[in-house]
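Visitor: Let me begin by handing over the structure; questions about it come next.
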Amino acid sequence: MPSTFQIERNRGSKEARQQLAVLRDKWPIAFPADAKDVRTLAISAAGEIAATMNWSLPYTLGVLARWKMSSAYCKSVLAHEHRIGLDGSTAEPIDANAKDLAAKQLERLAARETAKAAEPVSMKRKSAERPPETPEQLRARIRTSLMRRKA
């Protein structure tokens, strides 16, 4: 059973798109709409956001995870030497570990795009043309997967 921390973080991830719009309104410098203006956030930003927005820290981390895993953010980590605070002021330097993680995330995103582009068109059409499953078919599929877990 997932912990409360994980439940809150997952909820933040699911609601990230809506909440990032709220964060953009409150801190336009820290959360710009234009990808070329994105800068790496200070490490303390999550705590400040949680306190200001009256969100739990796990929820805030879930919202920020979507932002920080984006290609624009990763490119920003690699392109700049310092992080910024929510007000745009210069904060601590970006360490080599953060740059390494950003490079790896960009590789994963590029691989995902390559895989999508390489997927045959006929495969895409077949899944779109497949008729919806009946409730009985869905139950049977779930039952089968549960039986595999028990084995």
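Visitor: Using a simple charge model, +1 on the beta-carbon of Lys and Arg, -1 on the beta-carbon of Asp and Glu, nothing else, what dipole does the chain show about its Cα centre, in debye to the nearest 20? Each step should come with its number before you reach the end.
Guide: Values: 27 positive and 17 negative charges, 221 e Å.
Rounded to the nearest 20 debye, it is 1060 debye.
Visitor: What residue among Ser44, Leu23, Met69 has its Cα farthest toward the positive end of the dipole of the range 4-118, where the charges are +1 on Lys, Arg and -1 on Asp, Glu, each on the Cβ?
Guide: Met69
Visitor: Same structure again: What is the total of Lys pairs in the range 4-118 with C-alpha atoms under 13 Å apart, excluding same-chain pairs fewer than 8 positions apart? Present the calculation step by step, with values, prior to reporting the outcome.
Guide: On the way: Lys36/Lys75; Lys68/Lys99; Lys68/Lys104; Lys75/Lys99; Lys75/Lys104.
Number of lysine pairs found: 5.
Visitor: Based on DSSP H runs of at least 4 residues, each adding -39500 (n - 2.57), what is the mean residue ellipticity at 222 nm of the chain after dividing by all its residues, to the nearest 500 deg cm²/dmol?
Guide: Values: 8 runs with 100 residues, N = 151.
Rounded to the nearest 500, it is -21000 deg cm²/dmol.
Visitor: Same structure, new question: Send over the per residue convex hull volume for the chain, Cα only, as a whole number of Å³. Intermediate values should be presented prior to the final figure.
Guide: Values: hull volume 28.7 nm³, N = 151.
Once divided by residue count, the hull of the chain is 190 Å³.
The numbers here are math on the coordinates, done by the rules we state, and not lab data. Only a predicted model underlies this, so the values are computations on that prediction, with no experimental measurement involved. All Cβ positions, glycine included, derive from the backbone under ideal geometry; neighbour counts span all protein chains shown.
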